[in-house]
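Here is the structure we will look at, set down as structure tokens.
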Amino acid sequence: MKCKDIVKELADYLDEALDPCLRTSIEQHLGECKDCRVVVDTTKQTIDIFCNSEPAPLPPTTRARLHDALVKHLRRARPGNTSHA
Amino acid sequence: MNSPKLDPVPAHPLPSQVVKADEPVFVARAKAGDVSAFETLVSRYERKIFRLTQNITQNREDAEDAMQEAFLKAFEHLGEFEGNSRFYTWLVRIAVNQALMKLRRRRSNVVSLDDEIDTGEDMMPREVEDWGPSPMERYEQTELSEILSRVISELDPPFRIVFQLRDIEQLSTEETAEALGLSVPAVKSRLLRARLKLRQRLNQYFRRGTNS
């Protein structure tokens, strides 16, 4: 297995979607190739950083507009509903 | 009649990977006509949905409109939600559609999501530098958020949107393909390209010795 093969299989490797034989071949290569180890590790960290990042709070004006629209819509759509009161 | 009361913003937002186990309970109550249950779902997901629409449209006004329309549509069509997927996944798909409509309207020259994209160019990473452990801890939360917004905004829409759905919203490859009308191999090749481009762009912030 060559470095370009590692890159080609990288997404499935990180998603653990490879068959065991191919995975073993990749891991053998990673044991011998520092550059590929760094690429795999930093790509994994890239995913983790985005995946674990918390969304910022809504700007107050955005939140107010959203909730005004919902109040208007919900009131119109369910005129008889009083479960919130 | 009193106006519906909206839940306050949760003091501690949900971890990204967690959809609370009580989601089906609130969905069932909302479907039965309990407005406050739907409001709870809105409060729970409004930040995530706004980040999603913002990352797709790259325009604050469009993002706000798309988010609002997504929640209103979800409410209108709640009766059609059969519970075969998580409510959040269903909501994400509605929000993606609304955001894509805004993006296409504003950028008529934008490459269509389902166009063939040449991913055959050499993808071998050129910058191979170790980041060390926990590189994100070198930045304050606000600064880190700005960095992430900046680097993802630099991706072309077909890559940015696939990454957003697959790696940030954590839809499966199949769900991402279905939401975007793409084949599974197309999602995979765009995802690989997006991950490598983002890795390369984050390298300037996270390689060892940066900001330390």
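Every number in this text was worked out from the coordinates using simple rules, so none of it is lab data. Please read these numbers as outputs of a predicted model, since none were measured by experiment. Using ideal geometry, Cβ is built from the backbone for each residue, glycine included, and neighbour counts are taken over all protein chains shown.
Here chain A is assigned +1 on the Cβ of each Lys and Arg and -1 on the Cβ of each Asp and Glu. Its dipole about the Cα centre then comes out at about 940 debye. When the stretch B:50-110 is described by a simple charge dipole with +1 on each Lys and Arg Cβ and -1 on each Asp and Glu Cβ, the residue from B:A66, B:W90, B:N55 located farthest towards its positive end is B:N55. Along the stretch B:141-157 the Karplus relation, 6.51 cos²θ - 1.76 cosθ + 1.60 evaluated at θ = phi - 60°, assigns HN-Hα couplings of 4, 5, 5, 5, 4, 5, 4, 5, 4, 5, 5, 6, 5, 7, 7, 5, x Hz to successive residues, with x for each Gly and Pro. At full extension, B:R138 and B:A32 could sit 33.4 nm farther apart than now, given 0.36 nm per residue minus the alpha carbon distance. Distance between the modelled labels on B:E146 and A:R37, one decimal in nanometres: 3.6 nm (7 Å Cα→Cβ projection). Legend: mean number of C-beta atoms from other chains within 10 angstrom of residue C-beta atoms, peptide A:58-69, equals 5. For A:Q28 and B:R86, the FRET efficiency from 1/(1 + (r/R0)^6), where r spans their Cβ atoms and R0 equals 35 Å, is about 0.40. Computed 3J(HN,Hα) for the stretch A:56-70, one whole-Hz value per residue from the Karplus formula 6.51 cos²θ - 1.76 cosθ + 1.60 where θ = phi - 60°, is 5, x, 5, x, x, 5, 5, 5, 5, 5, 4, 6, 4, 5, 5, glycine and proline marked x. A cut-off under 13 angstrom between Cβ atoms defines the neighbours of A:P57, and their net charge, with Lys, Arg +1 and Asp, Glu -1, is +2.
Translational diffusion of the stretch B:133-212 was estimated from the Stokes-Einstein equation, with Rh taken as the Kirkwood radius over Cα pairs; at 20 °C and 1.002 mPa s the coefficient is 159 µm²/s.
Each residue, B:H77 and B:N97, gets one label point 7 Å from its Cα in the Cβ direction; the gap between the two is 0.2 nm. Scalar couplings 3J(HN,Hα) for the stretch B:166-171, obtained by applying the Karplus form with A = 6.51, B = -1.76, C = 1.60 to θ = phi - 60°, are 7, 9, 9, 7, 6, 6 Hz; x denotes Gly and Pro. Inter-chain Cβ neighbour count for B:70-80, averaged per residue, equals 2 (cutoff 10 Å, partner chain atoms only).
Structure note, pairs A:K4/B:K102; A:K72/B:K31; A:K72/B:K20; A:K8/B:K48; A:K34/B:K197: Cα-Cα distances above 29 angstrom occur for A:K4/B:K102; A:K8/B:K48. Label positions at B:E127 and B:A21, each projected 7 Å from the Cα along the C-beta direction, are separated by 4.3 nm.
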